[in-house]
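The values are calculated or read from the model by the stated rules, or taken from the named source; none is laboratory data. Only a predicted model underlies this, so the values are computations on that prediction, with no experimental measurement involved. All Cβ positions, even for glycine, are placed from backbone atoms using ideal geometry, and neighbour counts span all protein chains on display.
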Amino acid sequence: MLAGKNILLCVTGSIAAYKSAILVRLLVKQGANVKVIMTQAAQQFISPLTLSTLSKNPVLTQYADEKGNWNSHVELGLWAHVILVAPSSANTLAKMANGICDNLLTATYLSARCPVAVSPAMDLDMYQHPTTLNNLAKLRSYGNLVVPARFGELASGLVGEGRMAEPEEIIAFLEEEVFAPEQETLKGKTVLITAGPTMEPIDPVRYISNHSTGKMGFALAQQFLRFGAKVTLIKGPTTAQPTFNGNLNVIEVSTASEMFDAVTREFEGKDITVMAAAVADYTPAEVSGKKIKKDGHVLELQLVKTRDILAEIGRIKKTGQILVGFALETNDEEKHALEKLKKKNLDIIVLNSLRDSGAGFGHDTNQVTLLDNKGGKKQFELKNKTAVALDIVKAITEQL
């Protein structure tokens, strides 16, 4: 199951670092491609030469090597199918949970678009300290996976919880929690996702748009790819460009009209469609061919409705197709969302409110409620959008 997978192993300062050599050896034997990042503290417990020899790749410890060659944390994050931090010291867990970026490991973690798993290793009192437990809870809320620490004899001589899982247990964890879902759940399924805003031109230099960044749609594409689906992403104009491992086809559009044409063209035959884009409801009735000059104190702009993409594909949806929409509301949220669910012939609607702090446009987080056409309702706490996307994908698989 791990054959051909790119695994970025991050080793931190813990006596359990000796297990990293066994872990690398087992991963390579399974056919995985392994690269290793070590913190400065980790090198006091095991040498980079050992892990370099076993992984057949140079061990990375700094942003640049002795020859001045740059080790790009961004490229490492894009290369990896999974980032595994094993052992994870209390210090590194705290940095990851709180966004402290002072070394190559944490910079790569913050740049990652792949699943991340941590395997804690520390003395029992450190492991049970409220700060550590809070940091682990934070990491889980961001969508990261935690390999449970084991009960046993610790380096201090005490006996309790905090022992790093054995290498064989960690590999089993990766197979069951990271790679098994993506190989089985949505294999053979085709998915259509829309993301980002649209731009409705007024003249050659001005336009009407909104604050959508496309982050939610990109996170959904990432999760669908993880679960083995073939994804078509139709994106409006965003500064961020999606780059994912897997079978992703990106179609770029600008206006609501272009989005309508692309979606109605691609919708037929798709098993799942998720409309996460923030498409303009209105567009200028006329577009000036020249820049409109300032003339007087008032500029009157006539707007006309754009074509309702969600209503159109809901109308032509066939049995077996799953259609998911989004509702961003400011008042009477659930009432309006349920009305939209029924009116647009949706299977699931993702409701979020601008009254919730950290939700809506421009944030890396979101807080959603999932309502379905069978009367089901699932409420979630504020999470990183990657974790939110995972919740949405799991709800869709239940519909299937």
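Taking the criterion of being in the same structural domain as residue 35 (by TED's automatic domain parsing), charged (D, E, K, R) and more than 18 Å from residue 19 (Cβ to Cβ), would at least one residue in region 93-100 satisfy it? Checking region 93-100: at least one residue is in the same structural domain as residue 35 (by TED's automatic domain parsing), charged (D, E, K, R) and more than 18 Å from residue 19 (Cβ to Cβ). When residue 47 is tested against (1) at pLDDT 95 or above; (2) closer than 25 Å to residue 176 by Cα, only condition (2) is not met. State which residue is surrounded by the most Cβ atoms within 10 Å (Cβ to Cβ) when the search covers only region 315-337 and only residues that are outside any strand (DSSP E or B) and in contact with a strand residue (DSSP E or B) (Cβ under 6 Å, 6 or more places away or on another chain). Only one residue fits best here, namely 337. Of all residues assigned to region 322-341, at least one qualifies as being out of contact with any Pro (no Cβ under 6 Å at 6 or more places or on another chain), at pLDDT below 95, at positive phi and charged (D, E, K, R). The single residue among 54, 105, 76 that is at pLDDT below 95, under 23 Å from residue 2 (Cα atoms) and out of contact with any Asp or Glu (no Cβ under 6 Å at 6 or more places or on another chain) turns out to be 76.
To keep it simple, each residue is scored yes or no on (1) touching a Ser or Thr at 6+ places or on another chain (Cβ under 8 Å); (2) outside the structural domain of residue 178 (by TED's automatic domain parsing); (3) more than 30 Å from residue 226 (Cα to Cα).
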position	(1), (2), (3)
29	no, no, no
38	yes, no, no
42	yes, no, yes
72	no, no, no
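Pairs are defined by a Cβ separation below 9 Å, a sequence spacing of at least 6 or placement on different chains, a first member in region 35-59 that is in a loop (DSSP other than H, G, I, E, B), and a second member that is charged (D, E, K, R); the pairs so defined are 57/35; 58/35; 58/65; 59/35. What do you reckon, is residue 281 at pLDDT 95 or above, surrounded by fewer than 18 Cβ atoms within 10 Å (Cβ to Cβ), closer than 19 Å to residue 352 by Cβ and touching a helix residue (DSSP H, G or I) at 6+ places or on another chain (Cβ under 9 Å)? Considered against the rule, which asks whether it is at pLDDT 95 or above, surrounded by fewer than 18 Cβ atoms within 10 Å (Cβ to Cβ), closer than 19 Å to residue 352 by Cβ and touching a helix residue (DSSP H, G or I) at 6+ places or on another chain (Cβ under 9 Å), residue 281 comes out as yes. Limited to region 60-87, what total is found for residues that are touching a residue at least 12 places away in the same chain (Cβ under 8 Å) and either within 24 Å of residue 389 (Cβ to Cβ) or not small (Gly, Ala, Ser) (or both)? So the answer is 18. So which residues in region 346-400 are at positive phi and either of a type in the set (Lys, Arg) or in contact with a His (Cβ under 6 Å, 6 or more places away or on another chain) (or both), if there are any at all? The one that is at positive phi and either of a type in the set (Lys, Arg) or in contact with a His (Cβ under 6 Å, 6 or more places away or on another chain) (or both): 362.
Every residue, every condition in (1) crowded, with 22+ Cβ neighbours inside 10 Å; (2) on the phi > 0 side of the Ramachandran plot; (3) among the small types (Gly, Ala, Ser), yes or no:
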residue	(1), (2), (3)
7	yes, no, no
21	no, no, yes
46	no, no, no
58	no, no, no
64	no, no, yes
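For region 287-314, filtering for residues that are of a type in the set (A, V, I, L, M, F, W, C), touching a Lys or Arg at 6+ places or on another chain (Cβ under 6 Å) and buried (at least 16 other Cβ atoms within 10 Å of the Cβ) leaves 1.
Taking residue 219, is it under 26 Å from the mean Cα position of the chain (by Cα), without any contact (Cβ under 8 Å) to a residue 40 or more places away in the chain and more than 21 Å from residue 267 (Cβ to Cβ)? It is false that residue 219 is under 26 Å from the mean Cα position of the chain (by Cα), without any contact (Cβ under 8 Å) to a residue 40 or more places away in the chain and more than 21 Å from residue 267 (Cβ to Cβ). If you go through region 87-118 and keep only what is part of a strand (DSSP E or B) and in contact with a helix residue (DSSP H, G or I) (Cβ under 6 Å, 6 or more places away or on another chain), you end up with just 87.
Just wondering, is there one or more residues in region 98-106 that are of a type in the set (A, V, I, L, M, F, W, C) and closer than 14 Å to residue 37 by Cα? Yes, some residue in region 98-106 is of a type in the set (A, V, I, L, M, F, W, C) and closer than 14 Å to residue 37 by Cα. Might you check whether a residue that is out of contact with any strand residue (DSSP E or B) (no Cβ under 9 Å at 6 or more places or on another chain), assigned to a loop (DSSP other than H, G, I, E, B) and closer than 28 Å to residue 177 by Cα occurs anywhere in region 67-74? Checked region 67-74: at least one residue is out of contact with any strand residue (DSSP E or B) (no Cβ under 9 Å at 6 or more places or on another chain), assigned to a loop (DSSP other than H, G, I, E, B) and closer than 28 Å to residue 177 by Cα. Against the criterion of being more than 20 Å from the chain's Cα centre (by Cα) and in contact (Cβ under 8 Å) with a residue 12 or more places away in the chain, residue 335 does not qualify.
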